[in-house]
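Visitor: First, the structure itself, so that you have it in front of you.
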Amino acid sequence: MYKKYLKLSVLLFMSLMSCVALINIIIDPGEIYLKKIIGDIKSKEFSDKLYHSENGVIQTGWNERLIKTALAKTAGDFDCIILGSSHMLQISSVRNTGGIRDKCHNLLNLSVSGGGLEDIAIFSYLVLNNPNLPKRVFIGIDPWTIKFGMDSRYGAYKSYYEKMNVLLSQQGAGENISYFKKAVQNLFNGEYFYYSILSLSDNDKEEFSLLFQKAILYPDKNFSYEDGYAEPVTLKDGSHVYSQAWILAQKNKSIAIGGGAYKISGAKYDPVALEYFRRLIKLYQSLNVNVNLIMTPYHPNVFKSGQTKPVKYFKVIDETVKKLSQQNNVEYYGSFFPNKLGCKDSEFFDFMHATNKCLNRIDFRL
């Protein structure tokens, strides 16, 4: 009788766990299972249509990292690649930012919002896994770039990060457990199941069904890059144009003296991360890919409070990048400091994002 009860209990438990896993796979509130697979398929369609578009593709509703991962798999078709965070997203051959077409007639911007060192490693692996390689790569440097674990969104593509670590013969920081193993464990995670049920109660079923029929939409011809479009737009080279509403909202906001401290915490940089980054540069160079570094300016108001914590970070990272550049035969462009480029107060969206007018002051023709 006891054995029968135990067997029944085990069977019931396994059935419940199977139901939890199945619901988590299908509802997938974090978009790491079925939604991710569908997103991968649709993002390939997005990239194909982007390349054949006249004025780019409307980005609303698309996962940025999914899109850029699909684009990265065609990186060998381009002369130049840009990697980094949202600070790099507007650098464009379509708009000829800073005369960049002199060096890059055919450019692909693979920057992603909040991009950190792991994102740079992931996209570098995808770029270098192409049968043909670009001639040049531009890597954006932010105050948080030379540290590990500054943005968790790379996790969905951690397998590529692990492969890059093998190429570099050096493990990065963070857990050694594989992303696949974590994803399997998460199938039985009670908190994830809770959010799956919550998604159902929030009528997310309609949103989920739209994944199967998500349309790829195009902006009207001749829309203004400076004023934006009704929706955010990804241009043919992967660069970004913000929406009209967002640009207008930013114009009406004042920038506080001292700015903000986005991702300014802990040590200014990690020596292990610096060595990791140096190895990444050397890997590119060993494959005859020219490496360039870019720093974009922060708003002048950030520097009006004297030697604040962010300003001290900027100075240390600026000096570190210059030293890295000299030691590894790497060109660098731009600066964190707006006065060095002549950028004015009106040439920023917020305390850390310059408009194209300011970015045009970075002279890529040098």
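Visitor: Taking the highest mean first, how do the peptides 110-117, 358-365 order by number of other beta carbon atoms within 10 angstrom per residue?
Guide: Numbers: 110-117: 24.4, 358-365: 19.2.
Per-residue mean Cβ counts within 10 Å order the peptides as 110-117, 358-365.
Visitor: If you don't mind, another one. Could you give the spread of the C-alpha atoms of region 251-366 along their three principal axes, from largest to smallest, in whole angstroms?
Guide: Here the Cα extents, ordered largest to smallest, are 48, 35, 19 Å.
Visitor: Another question about this same structure. Taking every Cα atom in region 59-168, find the radius of gyration and the maximum pairwise distance Dmax, and write them in Å.
Guide: 13.3, 37
Visitor: Same structure again: Taking all pairs of distinct Cα atoms, average 1/r, flip it, and tell me the Kirkwood hydrodynamic radius of region 97-146 in Å to one decimal place.
Guide: One decimal place: 12.3 Å for the Kirkwood radius.
Visitor: Might you tell me the accessible area per residue for region 236-288, computed with a 1.4 Å probe and given in Å²?
Guide: Per residue, region 236-288 has an accessible area of 53 Å².
Visitor: Another one. With r as the distance between the Cβ atoms of residue 316 and residue 148 and R0 = 25 Å, compute the FRET efficiency 1/(1 + (r/R0)^6) and round to 0.05. Kindly include the intermediate steps, with their values, before the conclusion.
Guide: Values: r = 17 Å, r/R0 = 0.69.
For residue 148 and residue 316, the calculated efficiency is 0.90.
Visitor: Another question, then. Among 141-149, 269-277, what's the highest-first ranking by average C-beta atoms within 10 angstrom per residue?
Guide: Highest mean packing first, the order is 141-149, 269-277.
Visitor: Which value results for Rg/Rh of region 212-294 when Rg is the Cα radius of gyration and Rh the Kirkwood radius based on the inverse mean 1/r?
Guide: Result for region 212-294 is an Rg/Rh of 1.13.
Visitor: Want the number for residue 102 to residue 307: 0.36 nm per residue separation, take away the alpha-carbon distance, what's left?
Guide: Working: separation 205, 0.36 × 205 = 73.80 nm, distance 3.75 nm.
Extra length from residue 102 to residue 307 when fully extended: 70.0 nm.
Visitor: Students often check this: by mean Cβ neighbours within 10 Å, which of 321-327, 63-69, 157-163 ranks highest, and how do the rest follow?
Guide: Averaged packing, sorted descending, gives the order 63-69, 157-163, 321-327.
The values are calculated or read from the model by the stated rules, or taken from the named source; none is laboratory data. If you're wondering where the values come from, they're calculated on a predicted model, not measured in any experiment. Cβ: placed from backbone, ideal geometry, glycine included. Neighbour counts: every protein chain shown. Areas reflect the complete protein model, heavy atoms only, side chains present, ligands, DNA and RNA absent. Shrake-Rupley method; radii C 1.70, N 1.55, O 1.52, S 1.80 Å.
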